[in-house]
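Notes for the one structure printed next.
What follows is calculated from the coordinates using simple rules that are stated; it is not laboratory data. Note that the coordinates shown come from a computational prediction; the quantities given were computed from them, not determined experimentally. Note that we place each Cβ from the backbone using ideal geometry, even for glycine, and neighbour counts take in every protein chain shown.
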Amino acid sequence: MSILKDKFGRKISYVRLAVTDRCNLRCQYCMPAHGIDIVDRKELLTFKEMYRLTRVLSELGVNKVRLTGGEPFVRKDFVKLLEMLNYNELLDEINITTNGALIANHIEQIEQLKVKSINLSLDSLNRQKFAEITRRDVFDEVYKTLEKLENSKLDLKLNMVVQSGVNTDEIIDFVELTKYKNIAVRFIEEMPFNGTGQKNVIEVWDYNKIFQSIENKYDDIDKLKDKRSSTSRNFKIDQYQGTFGIIPAFTRTICGDCDRIRITSTGLFKNCLFDDGVFNVRDFMREGADDKDLKNLFLSLVHKKPKDGFIAEQERNSDVSESMSTIGG
Ligand code: SAM
Ligand code: SF4
């Protein structure tokens, strides 16, 4: 069986699939207040196309899929897509990244499927600040989802984008959440995927600064052994139930073990978060490609995967400024 491997010997086993470019929130670090120019519905991949792409990829060794967006639960009948993917016996894990505002009523249904973990985005524990960041007043809904997920059998990861001058004063509050909750809190470096590009900030909150701010408070931090392709460096405060991690998304010190590819909601294949899309697989399918054509295409595309996110960025035709909502994070 052919498997997806790049020229650096990295085996590709994870696809991140954005199921829509639409979102019910307007997070400041992701898009402008007026939102982004969303595409016409017929430009979005259909569920059948998503199923087919995932199937073909799974026959090439991809065994994990993450569904993201925009907000995946904004896509009509999103749970049906989950049910369809559940039929693919080659997939070991289906994971979801969500803002949590619309999912509380779907959790029991999702628990019945092969869904392993939910990444819940939550950037503030303060209701008003949450509303300022997301430009929507839905903290209560999201917190309800958090509590429901904690009591479900799904693994829960809480993602907080660390924004200079906005929520850095809450880093310790988020670490403290792991005292009694068996959850994984992850701090993400902010990137310029916000619809306008690089911001000027007074202080850069990168991996080291985030870690130092935690180290200044605790003297009993245990380093955990990270999975090879983990996007976060993970830690635990001694005696705390949960863990915390830092994702060096912008300083890009994790690229060496990358095992992932991305497909945007319009079918743009991406070898790296920082490339500007290397091929439109939707058009290729709609022009009549069969599964063998798709397999050959993926094998050759992955071969061009850049060594790291810096090389990918250098090879772009434009600066990084697109909204993360169009890429999927
Ligand atoms: N709407 C869902 C959500 O927010 O979880 C899924 C899509 S969102 C684009 C995926 C992830 O990207 C979220 O964890 C979000 O916080 C993160 N993200 C979005 N814009 C970002 C940025 N500029 N820098 C770092 N992370 C970002
Ligand atoms: Fe929507 Fe997620 Fe972007 Fe926030 S981060 S605007 S929830 S896509």
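Sum -39500 (n - 2.57) across every DSSP H segment of at least 4 residues in the chain, then divide by the residue count to get the 222 nm mean residue ellipticity, nearest 500.
Result for the chain: -8000 deg cm²/dmol, rounded to the nearest 500.
Do any of 42/114; 114/225; 227/295; 64/295 go past 19 Å between their Cα atoms, and which?
Violating the 19 Å Cα-Cα cut-off are 42/114; 114/225; 227/295.
As a test of understanding, state the convex hull volume per residue of segment 25-107 from its alpha carbons, in Å³.
That works out to 115 Å³ per residue.
Give me the percent of Cα-Cα pairs in segment 163-223 that sit more than 14 Å apart, rounded to a whole number.
Of all Cα-Cα pairs in segment 163-223, 63 percent lie more than 14 Å apart.
Loop by DSSP (not H, G, I, E, B), at most 11 other beta-carbon atoms within 10 Å: where is the longest site-free stretch of the chain for trypsin sites (Lys or Arg not before Pro)?
In short, 229-329.
When we measure straight from the Cα of residue 144, which lysines land under 18 angstrom away, once same-chain ones fewer than 8 places off are left out?
The qualifying lysines are 129, 153, 157, 181.
Taking only C-alpha pairs under 8 Å that are 6+ residues apart, what is the relative contact order of segment 17-155 in percent?
Dividing the mean separation by the residue count of segment 17-155 yields 27 percent.
For the chain, how big is Rg over Rh, using alpha carbon atoms and the Kirkwood form of Rh?
Using Cα coordinates only, the ratio equals 0.94.
Viscosity 1.567 mPa s, temperature 4 °C: what is the translational diffusion coefficient of segment 214-329 from Stokes-Einstein with a Kirkwood Rh over Cα pairs, rounded to a whole number of µm²/s?
The calculation lands on 78 µm²/s.
At 37 °C and 0.692 mPa s, what whole-number value in µm²/s does Stokes-Einstein give for the translational diffusion of segment 66-158, with Rh from the Kirkwood sum over Cα pairs?
Translational D for this selection: 241 µm²/s.
Give me the mean projected area, in nm² to one decimal, of the convex hull enclosing the Cα positions of segment 200-250.
Over every viewing direction, the Cα hull of segment 200-250 projects on average to 4.4 nm².
Pulled fully out, how much extra length does the chain show between residue 224 and residue 293, if you take 0.36 nm times their separation in residues and subtract their Cα-Cα distance?
Length gained, residue 224 through residue 293: 20.6 nm.
So, with +1 on the Cβ of K and R and -1 on the Cβ of D and E, and no other charges, what is the size of the charge dipole of the chain about its Cα centre, to the nearest 20 debye?
Roughly 840 debye, rounded to the nearest 20.
Distance cut-off 29 Å, Cα to Cα: go down the list 11/116; 11/217; 199/270; 223/270 and report the pairs above it.
Violating the 29 Å limit, Cα to Cα: 11/217; 223/270.
Name every cysteine in the chain that ends up alone, with no second cysteine's Cβ under 4.7 Å, or say none.
By the Cβ distance rule, which asks for a partner under 4.7 Å, the isolated cysteines are 23, 255, 258, 272.
Once you put a point 7 Å from the Cα of residue 105 and another 7 Å from the Cα of residue 209, both along the Cβ direction, what distance in nm separates them?
4.2
Give me the percent relative contact order of segment 175-329, please, defined on Cα pairs under 8 angstrom at least 6 residues apart.
Normalised by residue count, the contact order of segment 175-329 is 27 percent.
Semi-axes of the equivalent ellipsoid of segment 26-68: what are they in whole Å, largest first, if each equals the square root of 5 times a C-alpha gyration tensor eigenvalue?
Its equivalent ellipsoid spans semi-axes of 29, 15, 6 Å.
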